[in-house]
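Read the figures in this text as sums done on the coordinates, not as results from a lab. Small disclaimer: the values here were computed from a predicted structure and weren't measured. Neighbour counts are summed over all protein chains in view; Cβ atoms, including those assigned to glycine, are modelled from backbone coordinates with ideal geometry.
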Amino acid sequence: MSGAPRTKRPRTVLEGPAATPAPETAAPAEATPLLLDFLPREAEGETRLGRFFARLREGKLSTTRCPRDGALAWPPRLVCPKCHQGELDWVDLPETGHLYAFSAVLGGAPLGMEAEVPFAVGLVDLDGLALRLFGRVVGRPWTELRVGDSVALEVYRTGDDRVFYRFRAPGPPAA
Amino acid sequence: MTGRAVAVVGGACTDFGVRPLTWPELAQEVGEALFRAVPSLRSEEVDSLFVGAAMPERFAFQSHVAPLAAEQMGLRPTRLLQRNELACASGQSAIRSAYAAIASGLSDIAVAVGVEKMNLPSMAEANSSMACVMDRPWDGPSGATAPPFFAMVAQRHMLEYGTTPEQLAVVSEKNHRFANANPHAQFYRKTFSREKLLGLPMVAPPLRLGDCSSMTDGAAAVVLASEEHLRRFAGPVAWVRGTSQYSDFHNLANAGSLTEWTGLKHTAREALARAGIGLDALDFAEVHDCFTISELIEYESLGLCPPGGGGRWAAEGNAELGGRLPTNTRGGLLGCGHPLGATGIAQAVEVYEQFASKVPSSRQVPDPGWALVHNLSGSANVHSVMVYQRGEAG
Ligand SMILES: [Zn+2]
């Protein structure tokens, strides 16, 4: 949104074909500074949601549900926002859904994501559950996406071996 | 409203834009402008200071900005001093705190100032900072920032109601045109026809560059006083007659409908009820056009037109001078730029200057008596509204 010059900085590398290293930079890529790192703190000792990340490493996206009132929460929680008690059940989420809305980031990306521009993002209604998750949409260029398209949940590993989730639209890979 | 009556007795803005100066320098500039605009103001009688600043930690690597702003402006608050952070609505948050402090009797004369320095040599780092407004660990890793979120809002509005890019361009053209009569605006003396706007590059489809407010450096300040302390401020004032706020979600999963902003319906209804007026009594409005689609949905959620009727409301000229409710005569966030902490306060300055007939004639509302100011913040998950009435000091 601004024409100011952009400064290239080391980025978290997503799973996939390795980016060609820039020839002018001999130094190894540094990790993203802690307070510019978007991913959740997932290491033991840094979060009480270890169960979520352990399950994500098994390829399953899960969240918490309150056994008292049935309230399904996103993101996963320690305490039910409805009845304020802390004994919650874990449930795996459906692995398919449909695009409720989408757009694409064509510029103005945050630090560490500039090399991924253009990328698509969307809100996905998970099948069979009243939950609409936001996430990256891969598999097809944004110009080939339509509201209502089927997408599948996908877990991916980051360059520093953390895990996160995104959605994949079936079809030909992005040109 | 309960408590003591409170009025804005004056205010000032710095130039908005890509400014070659630092956060503290912006605070000094706005201090100079404020004391020039309100010559009867004496620094020793300002007992409280509220500083709207969304993210000085990220943009200026500076916390504890309330005493910093006080020092830069030459103020020594003795009763209440605090920084107000509510992302895009930080400025209005500061005004609401000043209002509450004076209404309660804790403060007699307070300044609400908003300062934001957003343009950095590394725009990627600035974009990361902006992304922190969203649910950073859960929505952030996927690339959630304001443009793609409001783009999805626009996509749903187009799908559900048939809203068109041309209708979005009507809002942008109007607000840029008003900004051409505002020397402080980022896009002062820059002309944007609808055709030109529709040809600008896409930022987050379906939103183009001209549909999005900018990264802006700027500051604004207002002085508020209790009824008992108005006498020394001769001239028109803007009484705070109603205010309210509503927050209903943070993570995007919990947004519900993207196109129906129930939070704004609630807060506008309550603020107007507190003021004891209906929508029909309003003479103009300053609403949060962070994106063109926002202004359309704001017309609808305020109740000016039916759901989905925002595009038509704009295209029929209802938001123009002489229309049903002139909207964003200051130039809006689209034309003025959007220095997060300063925006809400610059809107209050516009209300005061409209009441005082101090704006250029090409954007002056004739003889206005009532105005409404709205800010949303984040992903439109919080709505803040104030209602002002014109009055006279002393
Ligand atoms: Zn519960």
Cut-off under 5 Å, modelled amide H: who pairs with B:SER214 long-range: B:GLY337, B:HIS338
Long-range amide H partners of B:ALA5 with built H, under 5 Å: B:GLU227
Antiparallel DSSP beta bridges within the protein assembly as shown, as percent of all bridges there, nearest 5: 80
Residue with peak Gaussian network fluctuation, chain B [Cα springs, cutoff 10 Å], from B:GLU44, B:GLU166, B:GLU295: B:GLU44
Separation between Cα centres of segment B:329-394 and segment A:135-150, rounded to whole Å: 40
For the protein assembly as shown, fraction of C-alpha pairs farther apart than 48 Å, in %: 11
In order through segment B:326-340: 3J(HN,Hα) via Karplus (6.51 cos²θ - 1.76 cosθ + 1.60), integer Hz, x for Gly, Pro: x, 10, 6, 5, 5, x, x, 6, 5, x, 8, x, 9, x, 2
Relative contact order for segment A:50-92, counting Cα pairs under 8 Å that sit 6 or more residues apart, in percent: 36
Dimensions (Å) - chain B, Cα atoms, principal axes, largest first: 55, 45, 40
Span from the segment B:192-216 Cα centroid across to the segment B:25-82 one, whole angstrom: 34
Between segment B:278-303 and segment A:152-168, the alpha-carbon center distance in angstrom: 40
Computed helical MRE - 222 nm, chain B, DSSP H runs ≥ 4 contributing -39500 (n - 2.57), nearest 500: -10500 deg cm²/dmol
Cut-off under 5 Å, modelled amide H: who pairs with A:LEU93 long-range: A:LEU61, A:SER62, A:THR63
Integer Hz, Karplus 6.51/-1.76/1.60 couplings in order for segment B:29-37, x for Gly and Pro: 4, 6, x, 4, 5, 5, 5, 6, 6
Residue (of B:ALA89, B:ASN119, B:ILE345) at the positive-pole extreme of chain B, dipole from beta-carbon charges: B:ILE345
Residue with peak Gaussian network fluctuation, chain B [Cα springs, cutoff 10 Å], from B:ALA185, B:ALA356, B:ALA37: B:ALA37
Antiparallel content of DSSP bridges confined to segment A:96-168, in %, to 5: 90
Packing rank of B:93-106, B:110-123, B:199-212, A:152-165, where each peptide gets the mean count of other beta carbons within 10 Å, highest leading: B:110-123, B:93-106, B:199-212, A:152-165
Vicinal HN-Hα couplings computed from phi for segment B:49-62 (Karplus, 6.51 cos²θ - 1.76 cosθ + 1.60; Hz; Gly/Pro x): 9, 10, 10, x, 8, 7, 8, x, 4, 8, 8, 10, 6, 8
Most mobile listed residue (B:ASP283, B:ASP367, B:ASP217) in chain B, GNM with C-alpha springs under 10 Å: B:ASP367
Candidate lysines - alpha carbon under 22 Å from B:LYS174, same-chain residues fewer than 8 apart omitted: B:LYS190, B:LYS196, B:LYS358
Simple Cβ-charge dipole of segment A:50-92, Lys/Arg +1 and Asp/Glu -1, about Cα centre, in debye nearest 20: 100
